[in-house]
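The values are calculated or read from the model by the stated rules, or taken from the named source; none is laboratory data. A quick note: this is a predicted structure, and the numbers were derived from the prediction, not measured. Please note: Cβ atoms are built from the backbone with ideal geometry, for glycine as well, and neighbour counts cover all protein chains shown.
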Amino acid sequence: MAKLESKIDFVALVSVTRANGNGDPLDGNRPRTDYNGFGEISDVCIKRKIRNRMQDLGNEIFVQSDDRCTDGYKSLSERAAATTRGIKSQDEYVHVVCEKWIDVRSFGQVFAFKGDKSGVSVGVRGPVSIHQAVSVSPVEVDSMQITKSVNSEPGDKKGSDTMGTKHFVRFGLYKLKGSINVQLAEKTGFSREDADVIKDCLRTLFLNDASSARPEGSMEVVKLYWWDHGCKDGKYSSAKVHRLVHVEPKDPAVTPSCVEDYNITLEELPGLTAEVIDGV
């Protein structure tokens, strides 16, 4: 595989329409918002979706969902132990886990290392950093009362109806930002091909992700902006690159209800060109 020799920055615009993009378990699973009403999708949630897409594309991942487990291991410790059994050196341990699992060499991971009986943790710093996605405008969160028919035991009696609540965002356009660091990529073995996998995962982020909270078509990657700096340290800072994508409501007095209610423009910097990709 080809070495990654240039810094990469990326921005994705994600639309949410009458769906719960990321529920807050400490707030009754309501869509995450900050104190000013802007919608949020956590970086952990985004990485979970990227991992799922990695798996869909045929790559081995370490942090697998229970419903997507492909190797039969019921815990991360079992999965790690099966792969690293007999390894005594921390350096060899890091090399093996990074070589085997693409999510480890992408995002990093902390492992419990017992090879030398010291009981220390081995930390892998990944080159791919993901920000939490934040909506461009404040979002409106609606709630809907529902009834759920639950048959707890088989029999002739009709199941009891239990009241429940579904929460969803009417509409929100979120800005997702991230970067890939070359120095850390060299340490984990993250390659140019791995970067292409990340790009494809972001482009198709919500494929095979439909659920009751996120019906098919309610979550969409509108645009993906991908900058390849052509050098290790980058021609500009990530913050400056991320600010090149401008998203503003066409009418500030009207609450946006679709992507077309926004003006989306891309600024340019000398010597740096963005690859603009339509999402799926």
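Couple of notes before you dig in:
- Filter result (over 20 Å from residue 19 (Cβ atoms) and hydrophobic (A, V, I, L, M, F, W, C)) within the stretch 40-67: 54, 57, 61, 62, 63
- Any hit, the stretch 28-41, residues being closer than 21 Å to residue 201 by Cβ, in a loop (DSSP other than H, G, I, E, B), without any contact (Cβ under 8 Å) to a residue 12 or more places away in the chain and over 15 Å from the mean Cα position of the chain (by Cα): no
Residue-by-condition table, conditions (1) among the hydrophobic types (A, V, I, L, M, F, W, C); (2) at pLDDT 95 or above; (3) surrounded by fewer than 21 Cβ atoms within 10 Å (Cβ to Cβ):
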position: 168; (1), (2), (3): yes, yes, no
position: 172; (1), (2), (3): no, yes, no
position: 190; (1), (2), (3): yes, yes, no
position: 198; (1), (2), (3): yes, yes, no
position: 214; (1), (2), (3): no, yes, yes
position: 222; (1), (2), (3): yes, yes, yes
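- Test: residue 184 is within 18 Å of residue 133 (Cβ to Cβ) and under 22 Å from the mean Cα position of the chain (by Cα): no
- Exactly one residue out of 275, 260 is touching a Phe, Trp or Tyr at 6+ places or on another chain (Cβ under 9 Å) and closer than 22 Å to residue 204 by Cα, and it is 275.
- Residue in the stretch 230-245 that is modelled with pLDDT of 95 or more and more than 30 Å from residue 186 (Cα to Cα) present: no
- Members of the stretch 1-22 found to be surrounded by fewer than 16 Cβ atoms within 10 Å (Cβ to Cβ) and touching a strand residue (DSSP E or B) at 6+ places or on another chain (Cβ under 8 Å), listed by number: 1, 2, 3, 18
- Residue check for residue 228: acidic (Asp, Glu), under 19 Å from the mean Cα position of the chain (by Cα) and more than 20 Å from residue 52 (Cβ to Cβ): no
- Residue that is surrounded by the most Cβ atoms within 10 Å (Cβ to Cβ), among those in the stretch 233-256 that are in contact (Cβ under 8 Å) with a residue 12 or more places away in the chain and β-branched (Val, Ile, Thr): 241
- Wholly within the stretch 180-280, strands (runs of 3 or more DSSP E) carrying at least 2 residues that are among the polar types (S, T, N, Q): 262-266
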